[in-house]
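Okay, structure first, notes after.
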Amino acid sequence: MTDASNDKPAWTPKRIAAGLREAVSLEGAWSGSQWLACPARPPGKPRGGVAPARAEGQSALPDPVQMRSADAKQPTPARTPPPGKFVVRRLTVNDQFKGDKGDALRTLAEEVAVCKRCALGRSRTKPVFGVGRTEDKGIMLVGEAPGHDEDVQGEPFVGAAGQLLDKLLERAKAHRSDVYIGNVLKCRPPSNRMPQPAEVAACIVFLRRQMEILKPAVICALGRHAIRALTGREEPMSVLRGTTEKFQGIPVLMTFHPAYLLRNPAETDNVVADLARAFSLFREKSNA
Ligand code: URA
């Protein structure tokens, strides 16, 4: 079996480590057909010209363990993608992961913890990797980026928006322990500013790997940044909310971010209905 976009061989336990190294490669974030912010190709420049030449079999990155020890000795410059015009391409995930999910998630979280691919890795307090239920074919909620409380505690949705999310889940007859919660960005943007396209481009590989490992049955994208990163859709939320877009066979249900509801509570019932629908889609898939 191969990845449809890259013709890569299927995941096997032996390839997990190589895959994780790829997940921390900027080249991976910018490659081919992905729904994410990518530097636009200058006119006249051929496609695929960003990767440096390397010998056959050589990884795009040094061994992560060596990277970590090198990091400890001397700070490496932040690897923020170059400025320029950004376009959105389709994100693809490899659904062939077979291995121990706990181990794979822990290893990925370690990579996130030492990530300096954009400047946010230097300004944040704690990385916010993701938490929750990790069984196959579960529900994954994807938010935007950590805020102040998440940055301090290292856990997603623990601040005001998170408390509201808990109440929304309760009204949808569910609990946060029923879902896996992650974000598009793993580090807090200063002063809670919006994620920048270059940051999304640098970080999205981690979400992609989380999805590959978790294999969710249903994804609920909370707010326009998660929607854009996962589906590329950019229409107003009034158009997108409550709709579903297939992402490699996985339904992505689009709804408002809880932080938006703190300012616009009139949409609360709609978001509860969307979450309840995500759970009924999940139950349908589980019983299929
Ligand atoms: N907002 C998000 O999008 N994610 C969090 O983890 C917290 C607030």
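Structure above, values below:
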quantity	calculated
Single residue of 266, 259 found to be at pLDDT 95 or above and surrounded by fewer than 17 Cβ atoms within 10 Å (Cβ to Cβ)	266
Filter pass, residue 172 being surrounded by fewer than 15 Cβ atoms within 10 Å (Cβ to Cβ) and either more than 10 Å from the ligand (Cβ to nearest atom) or under 16 Å from residue 258 (Cα atoms) (or both)	no
Test: residue 163 is surrounded by fewer than 24 Cβ atoms within 10 Å (Cβ to Cβ), over 21 Å from residue 109 (Cα atoms) and within 13 Å of the ligand (Cβ to nearest atom)	yes
Hits in region 135-154 - residues which are farther than 17 Å from residue 218 by Cα, more than 8 Å from the ligand (Cβ to nearest atom) and assigned to a loop (DSSP other than H, G, I, E, B)	154
Selected residue (only one of 114, 131, 179, 200 is farther than 18 Å from residue 214 by Cβ and either touching a strand residue (DSSP E or B) at 6+ places or on another chain (Cβ under 7 Å) or small (Gly, Ala, Ser) (or both))	200
Output for region 120-134, where each listed residue is within 13 Å of the ligand (Cβ to nearest atom) and either part of a loop (DSSP other than H, G, I, E, B) or without any contact (Cβ under 8 Å) to a residue 12 or more places away in the chain (or both)	124, 126, 127, 128, 129, 130
Qualifying residue in region 155-176 (condition: in contact with a Ser or Thr (Cβ under 8 Å, 6 or more places away or on another chain) and assigned to a loop (DSSP other than H, G, I, E, B))	no
Residues within region 209-227 that are within 16 Å of the ligand (Cβ to nearest atom) and of a type in the set (Lys, Arg), tallied	1
Residue within region 137-152 that is closer than 27 Å to residue 254 by Cβ and surrounded by fewer than 16 Cβ atoms within 10 Å (Cβ to Cβ) present	yes
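The values are calculated or read from the model by the stated rules, or taken from the named source; none is laboratory data. Just so it is clear, the model here is predicted, and its values are computed rather than measured. All Cβ positions, even for glycine, are placed from backbone atoms using ideal geometry, and neighbour counts span all protein chains on display.
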